[in-house]
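Engineer: Have a look at this one.
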Amino acid sequence: MLGQYRALWLNHTGDLEVIDQRYLPFEKHVRVLKTASDACEAIQDMTVRGAGVIGNVAAFGVYLAAREFAGDKQKITQAALNIRGARPTAVNLMWAVDKMLEVVKHSDDVVSDCKAEAIRQTDEDVKRTQAIGIIGTDIIESIMTDKKINQFNILTHCNAGWLAIVDSGSALAPIYEAQKRGIDIHVWVDETRPRNQGARLTAWELQDAGIKHTIIPDNTGGLLMQQGKVDMVITGADRVALNGDAANKIGTYLKALAAKDNDVPFYIALPINTFDFACENGVSDIEIEQRDQDEVHNMQGLNTAGDVEQVRITPLDSQAANYGFDVTPARLITGLITEKGVVEPNKKAIGKLK
Ligand code: MRU
């Protein structure tokens with residue numbers, strides 16, 4: 001069962017193995033990454049995605065570079081910088097590579113020290129997500145007590161589960177913890193066009209875990225909130241600025257607006273290494289990735305014969321825009337659920353975490 005694995009692990013030869021997320025939920029493939037450019041490519045082509053796992057693969061990518069270049073610090077540094085530039089928005093990527101570069105700079109045994117540091121970073125993420133799960137579920141329980149409800153409906157966007165950050169995810173960590181505590185939880189899963197991380201990955205994780213969920217087209221959340229069918233919105237983040245503005249998958253901002261209008265608590269769950277303390281203002285300063293328009297024009301799915309097939313869904317001559325992320329202003333965020341507790345989305349509170 002894939003769900004019992006991490007999203008990535010080292011095999012017996014020291015190569016990095018990752019779950020190839022491009023094939024889920026239809027097929028289960030593991031991709032072996034042997035070199036730094038393999039790691040870079042896996043991040044760029046979305047074999048791996050999600051801020052935390054991108055950071056982990058980047059860290060192991062630097063270890064692969066150290067192995068490949070037999071400890072040559074100049075070559076390793078160049079390879080690390082290539083990985084650092086693989087995608088622009090998720091700050092965990094830069095955080096992980098910068099930590100690895102510090103190790104490269106000071107180490108006398110680069111291969112072994114890089115390997116140890118990449119393992120350490122990944123193990124730390126496991127602990128962070130466990131803490132986020134516990135703190136987030138305490139919030140769920142207190143909302144249930146206040147509202148005197150026995151079933152909890154939560155809406156999430158994109159995939160911020162164990163495929164995105166080892167081992168419990170960020171947004172999904174409280175959902176997994178709620179299940180452990182016996183809470184009757186149901187998840188509204190935004191499909192998350194164009195790559196459908198919600199419909200494909202979050203739904204796959206939840207059905208694997210036996211958690212009740214319903215996939216909804218991206219534009220449905222507002223209606224459900226008006227009808228009182230959402231008790232809380234929770235998403236992950238790719239980068240949160242010092243002022244509390246949070247970049248996450250495109251469409252998150254619209255959910256936050258609808259949540260504000262309907263008095264639905266809107267939380268962002270993130271480990272501390274998703275804060276960008278150097279970024280004062282998220283809305284104006286966070287770089288938004290723009291991806292290939294083909295991701296909008298084409299959709300992949302199972303055909304009636306049960307084979308995976310890609311089909312074009314737009315007129316052949318139309319242009320499409322493919323912004324990967326948007327930034328939710330801090331004023332729309334109820335709280336930031338971190339491993340250190342719930343943090344208010346403002347400079348004073350976030351500054352204390354540095
Ligand atoms: O483009 P992706 O799939 O890498 O985007 C992922 C997201 O936006 C997640 O919601 C975010 O990374 C949080 S996961 C820890």
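Engineer: Would you confirm, using the coordinates I've provided, whether THR214 is within 13 Å of the ligand (Cβ to nearest atom), in contact (Cβ under 8 Å) with a residue 12 or more places away in the chain, within 26 Å of ILE143 (Cβ to Cβ) and of a type in the set (Ser, Thr, Tyr)?
Structural biologist: Taking the combined requirement at face value, the residue does not satisfy it.
Engineer: Within the set of pairs 6+ apart or on separate chains, which have a first residue in the stretch 101-112 that is closer than 17 Å to ALA36 by Cβ and modelled with pLDDT of 95 or more, a second that is acidic (Asp, Glu) and in a helix (DSSP H, G or I), and C-beta atoms under 8 Å apart?
Structural biologist: What qualifies is VAL103/ASP113; VAL103/GLU117; SER107/ASP113.
Engineer: Considering each residue of the stretch 44-69, count those that are part of a loop (DSSP other than H, G, I, E, B) and touching a residue at least 24 places away in the same chain (Cβ under 8 Å), and give that number.
Structural biologist: 5
Engineer: A further question on this structure: Taking the condition outside any strand (DSSP E or B) and not aromatic (Phe, Trp, Tyr), does ARG31 pass?
Structural biologist: no
Engineer: Here's something else I'd like to know. Given the conditions (1) more than 30 Å from ASP123 (Cβ to Cβ); (2) under 23 Å from the mean Cα position of the chain (by Cα), report the number of the one that GLU287 does not fulfil.
Structural biologist: (1)
Engineer: Surrounded by 15 or more Cβ atoms within 10 Å (Cβ to Cβ), part of a strand (DSSP E or B) and at negative phi: which single residue out of VAL296, VAL342, VAL311 fits that description?
Structural biologist: Result: VAL342 is the single residue among VAL296, VAL342, VAL311 that is surrounded by 15 or more Cβ atoms within 10 Å (Cβ to Cβ), part of a strand (DSSP E or B) and at negative phi.
Engineer: Looking only at the stretch 158-171, which residues are over 18 Å from ARG195 (Cα atoms) and more than 9 Å from the ligand (Cβ to nearest atom)?
Structural biologist: Once the filter is applied, which keeps residues that are over 18 Å from ARG195 (Cα atoms) and more than 9 Å from the ligand (Cβ to nearest atom), the stretch 158-171 yields VAL166, ASP167, SER168.
Engineer: From ALA7, ALA39, ALA90, grab the single residue that is within 16 Å of the ligand (Cβ to nearest atom), closer than 19 Å to ILE165 by Cα and more than 16 Å from the chain's Cα centre (by Cα).
Structural biologist: After ruling out the rest, the residue left standing is ALA39.
Engineer: Another question about this same structure. Out of the stretch 154-184, which residues are crowded, with 24+ Cβ neighbours inside 10 Å, hydrophobic (A, V, I, L, M, F, W, C) and assigned to a helix (DSSP H, G or I)?
Structural biologist: ALA173, ILE175
Engineer: So which of ASP276, ASP190, ASP261 ends up being within 21 Å of ALA86 (Cα to Cα) and at pLDDT 95 or above?
Structural biologist: None of the others qualify; the one that does is ASP276.
Engineer: Could you tell me whether LEU254 is surrounded by fewer than 22 Cβ atoms within 10 Å (Cβ to Cβ), within 16 Å of the ligand (Cβ to nearest atom), more than 16 Å from the chain's Cα centre (by Cα) and not β-branched (Val, Ile, Thr)?
Structural biologist: Yes, satisfied.
Engineer: I'd like the full set of residues that are farther than 21 Å from ASP294 by Cβ and within 16 Å of the ligand (Cβ to nearest atom), limited to the stretch 322-331.
Structural biologist: Within the stretch 322-331, VAL327, THR328 meet the criteria.
The values are calculated or read from the model by the stated rules, or taken from the named source; none is laboratory data. These numbers come from a predicted model, not from an experiment. Neighbour counts run over all protein chains shown; Cβ positions are idealised from the backbone, glycine included.
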